[in-house]
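Here's the structure, in structure tokens; my notes come after.
The values are calculated or read from the model by the stated rules, or taken from the named source; none is laboratory data. Small disclaimer: the values here were computed from a predicted structure and weren't measured. So basically every Cβ, Gly included, is an ideal-geometry build from the backbone, and we count neighbours across all protein chains shown. To get the accessible areas, we keep the full protein, side chains included, count just its heavy atoms, and leave off ligands, DNA and RNA. Shrake-Rupley method; radii C 1.70, N 1.55, O 1.52, S 1.80 Å.
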Amino acid sequence: MTRYRTHTHRATYLIVYPLRQRPLMNKPDQKFEFSRVSLNNSLVAGATQAAATVNRTLINDDNSDREFEFNDKDFSRVRALILKIAGISLAPSKQSMVYSRLARRLRACNHNKFSSYLDALESNPGSPEWEQFTNSLTTNLTSFYREAHHFDLLKKQLQSLSRSSRIDLWCSAASTGEEPYTMAITAMEAFNSMTPPVRILATDIDTKVLDHAKKGVYRMDQVDKIPDDILRKYFLKGKGESEGLIRVRPEVQALLTFRKLNLMDSVWSLRPGFDAIFCRNVMIYFEKDVQMQILKRFAPLMNPNGLLYAGHSENFAMARDYFSLRGKTVYTVNTDKAAKTGPSGENQQHIITA
């Protein structure tokens, strides 16, 4: 929108001439030519009205080019719903993304505008469409050995723990499985065994990505960063109809349990005793108060000196009463906030050097 600087007798501002009108949403940025002119106050009102007309035309053209009616009110409703359900705070700049992701749900449910789709959702709290709505708006960017330094530390951590009892790990945002499978491979490497004393709980709010993760099948380009020796040891190449695909070995899959879990749920039904929790690149989608609530709930689920692995852009300094920074995006749970005993009923004391 053009902004005006008004003086006593004259006004200097930009007149914006669009080279051609096109919808703004899901399109390349509009190109403009700028001319700086100086006009007397009698022309300001006319110029203001002309600029408003251009903006209204662009917005109307944008909606006319869409398959479904979608306005600011609809976007605000979507933002409020996903924040309430999943704790995800959508930025105002995500309006285009919301339209493109939810448009397919409108087609599937035979709605011709967003308002009717959202009305149907809110009128039926038990509708299975809520799951599809949530799945559509979650982001699932992941890869094998992402932020590789975490797995180097995890290997050291696992090697320092007692082998006499089971070691429990939790991947709280499993997505399509690359992260928890990397954790499992790291455990096998740490113990030099295909049957290490490790079990991994892999959870996610998105049921579609969990279904994909359970299969453990990936394209070759998705594993191109994995060293060849690791690929040969822990993956099976597809043949025939599966040419170009690769599958995680059954022994790796056996270490994992996949389960739907929403970090915003009031009850998680998890037993304390985790030596490590991976919660990476998840908190960035939550408001600070929601982050704090989740961190407070993580702490009593962890054994003393358990490690919390965070994403590269996440900082939990506000939770210093619960976690202490251990290394690069790795935190140690404070002993007074951790689980009082481990799964064996005895006090657990594990010191890890980053």
Top-ranked residue of the range 205-220 - restricted to ones that are aliphatic (A, V, I, L, M) and closer than 14 Å to THR142 by Cα, ranked as surrounded by the most Cβ atoms within 10 Å (Cβ to Cβ): ALA213
Residue that is nearest to ILE85 (Cα to Cα), among those in the range 265-281 that are open to solvent by less than 20 Å² (accessible area, probe 1.4 Å) and assigned to a loop (DSSP other than H, G, I, E, B): TRP268
In the range 221-243, residue least open to solvent (accessible area, probe 1.4 Å) [restricted to those that are assigned to a loop (DSSP other than H, G, I, E, B) and among the charged types (D, E, K, R)]: ASP224
Hey, ILE294 of a type in the set (Val, Ile, Thr), under 21 Å from the mean Cα position of the chain (by Cα), at pLDDT 95 or above and part of a helix (DSSP H, G or I) or not: yes
Single residue of the range 284-293 satisfying the filter (touching a Gly at 6+ places or on another chain (Cβ under 8 Å) and among the aliphatic types (A, V, I, L, M)) that is surrounded by the fewest Cβ atoms within 10 Å (Cβ to Cβ): ILE284
Per-region count, the range 103-134, residues under 17 Å from the mean Cα position of the chain (by Cα) and of a type outside the set (Ser, Thr, Tyr): 3
Residue count, the range 187-204 (criterion: open to solvent by less than 30 Å² (accessible area, probe 1.4 Å) and either in contact with a Pro (Cβ under 9 Å, 6 or more places away or on another chain) or under 21 Å from LYS215 (Cβ atoms) (or both)): 9
Inter-residue pairs, beta-carbon under 8 Å, first without any contact (Cβ under 8 Å) to a residue 60 or more places away in the chain and surrounded by fewer than 17 Cβ atoms within 10 Å (Cβ to Cβ) and in the range 244-264, second of a type in the set (Asp, Glu) and assigned to a strand (DSSP E or B), 6+ apart: LYS260/ASP204
